[in-house]
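Chemist: One structure, pasted below without further comment.
Here, each number is a calculation from the coordinates, and none is a lab measurement. Predicted model, so just to flag it, every value in this text is computed and none were measured. Please note: Cβ atoms are built from the backbone with ideal geometry, for glycine as well, and neighbour counts cover all protein chains shown.
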Amino acid sequence: MIDLHFHSTCSDGQKSNREIIKEAQEKWLQFLACTDHDYINTDFTRLALNSWISSVEGVEISWVDDVIDKHLHLTCYAKFFHWRIINILEDSRGMKQKKLELQIELLNSHWFKISRLEFFIYFGTKKIKIDNLNSWHIATYIFRFPENLALIKKMTWEKITTWAFIRRFLKREWDFWHIWSVTLPEYEPNIAQLWELARENNAILSVAHPNFKLTVNQFKTRIESYMNAWINAIEINAKAKPEWVKLILEYRQRYNFLLTFWSDCHFKVFKEDVHWTLWELNPLVDSELLQKSFNEFKQKLGV
């Protein structure tokens, strides 16, 4: 029993390293890799190994595909990460926090009810670290207050969803971004940097939950470029629908990439959260495919 994609309180998960290890022991899991966002949780790896659970170092990296101007995630695994990737991730987290604070300041100066201090306190009660907050958290906070909803309706002449607010006000995708969105020079690593990092760490780089981050057409048009740039695995997400599972397996025949699966568990307890439980697999993944893929995973990393 294995899980190689989940999050602790070191990023946006709700359980500490020790709590996760305890749950893993109760479920008799044998191999774990913690993939906190843009943070290599070496303490988890050490604790797992000391608890007689096999483990490697892991991280979920935020990166940008310049060609399609899309911010994506990669789960990355190595027997041991070298110092350069740690520095790149630290810089990325720092810039992300700077952008968040500037975005809150801009919205507040233009009549939205959002206080920097109260915003951080609110998400602090959910055990989410500051450097893992993003535009989704800003939007959900904005939507908590009737006066903000009234202001949005006055400006748009319609009642819009949280996701529509993000696209139209906070991202470069629609009509209000040039007024309300903070833009900084690109700070997340691109595909060229990731190629270098993967090569020097002999790493597995897996496109995380492509069913959430890409359209089918984007996947089809970009996958060859990903394979040419040392991205050597694709994740079949626990909630991927049959058409996505079929698509990934079809392209695997063509490009012979590794497969990863796993839960993407955040151990969340709040009603608006959508992530699931440790060791949850997509029901379309059979045990034979799982074992074969895991053997290839271990062989690649030499564990």
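Chemist: So if we plug the beta-carbon distance of residue 163 and residue 25 into 1/(1 + (r/R0)^6) with R0 = 41 Å, what FRET efficiency do we get, rounded to 0.05?
Modeler: 0.60
Chemist: Starting from the Cα-Cα distance between residue 71 and residue 116, subtract it from 0.36 nm times their residue separation and give me the gain in nm to one decimal.
Modeler: Numbers: separation 45, 0.36 × 45 = 16.20 nm, distance 2.47 nm.
Gain in length upon complete extension: 13.7 nm.
Chemist: Go through 234, 11, 30 and say which Cα lies farthest out towards the positive end of the charge dipole of the chain; charges sit on Cβ, +1 for Lys and Arg, -1 for Asp and Glu.
Modeler: The residue sitting farthest along the positive end of the dipole is 11.
Chemist: Hey, with R₀ at 30 Å, roughly what FRET efficiency would residue 125 and residue 155 work out to, going by the Cβ-Cβ distance, to 0.05?
Modeler: Here the calculated transfer efficiency is 0.50.
Chemist: For segment 91-180, taking Cα atoms only, what is the radius of gyration to one decimal and the Dmax to the nearest whole Å?
Modeler: Over segment 91-180's Cα set, Rg and Dmax evaluate to 12.8, 40 Å.
Chemist: Calculated from DSSP H runs of 4 or more alone, at -39500 (n - 2.57) each and per residue, what is the 222 nm mean residue ellipticity of the chain, nearest 500?
Modeler: The helix-only estimate for the chain comes to -14000 deg cm²/dmol at 222 nm.
Chemist: For helix 146-156, what angle does its Cα long axis make with the longest principal axis of the chain, in degrees from 0 to 90 and rounded to 10?
Modeler: For 146-156 against the chain, the angle is about 80 degrees.
Chemist: Specify the angular offset, from 0 to 90 degrees and rounded to the nearest 10, of the alpha carbon long axis of helix 83-109 from the longest principal axis of the alpha carbons in the chain.
Modeler: 20
Chemist: Next question. Which value does Rg/Rh take for segment 1-46 over its C-alpha atoms, Rh per Kirkwood?
Modeler: That ratio equals 0.92.
Chemist: Also: What does the charge dipole of the chain about its Cα centre add up to, to the nearest 20 debye, if the Cβ of each Lys and Arg holds +1 and the Cβ of each Asp and Glu holds -1?
Modeler: Result for the chain is approximately 500 debye, rounded to the nearest 20.
Chemist: Sticking with this structure for a sec: What ranking of 7, 71, 266 emerges when the number of other C-beta atoms within 10 Å of each C-beta is taken as an exposure proxy, fewest first?
Modeler: 71, 266, 7
Chemist: Here's something else I'd like to know. Of the listed pairs 220/300; 98/129; 15/300; 70/171, which have alpha-carbon separations greater than 20 Å here? Could you put the intermediate results ahead of the total?
Modeler: Numbers: 220/300 25 Å; 98/129 14 Å; 15/300 30 Å; 70/171 11 Å.
Beyond 20 Å between Cα atoms: 220/300; 15/300.
Chemist: Still on this structure: How long are the semi-axes of the equivalent ellipsoid of segment 193-303, taking √(5λ) for every eigenvalue λ of the Cα gyration tensor, in whole Å from largest down?
Modeler: Values: eigenvalues 101, 58, 49 Å².
Semi-axes (√(5λ), whole Å): 23, 17, 16.
Chemist: Grab the Cα-Cα distance for residue 213 and residue 82, subtract it from 0.36 nm times how many residues apart they are, and report the gain in nm with one decimal.
Modeler: Gain on stretching residue 213 to residue 82: 44.4 nm.
Chemist: Mind giving me the FRET efficiency for residue 147 and residue 98? R0 is 25 Å, r the Cβ-Cβ distance, nearest 0.05 is fine.
Modeler: Using R0 = 25 Å, I get an efficiency of 0.40.
Chemist: On a 0 to 90° scale, report how tilted helix 216-228 is relative to the longest principal axis of the chain, with both axes built from alpha carbons and the result rounded to the nearest 10.
Modeler: On a 0 to 90 degree scale, this one is about 50.
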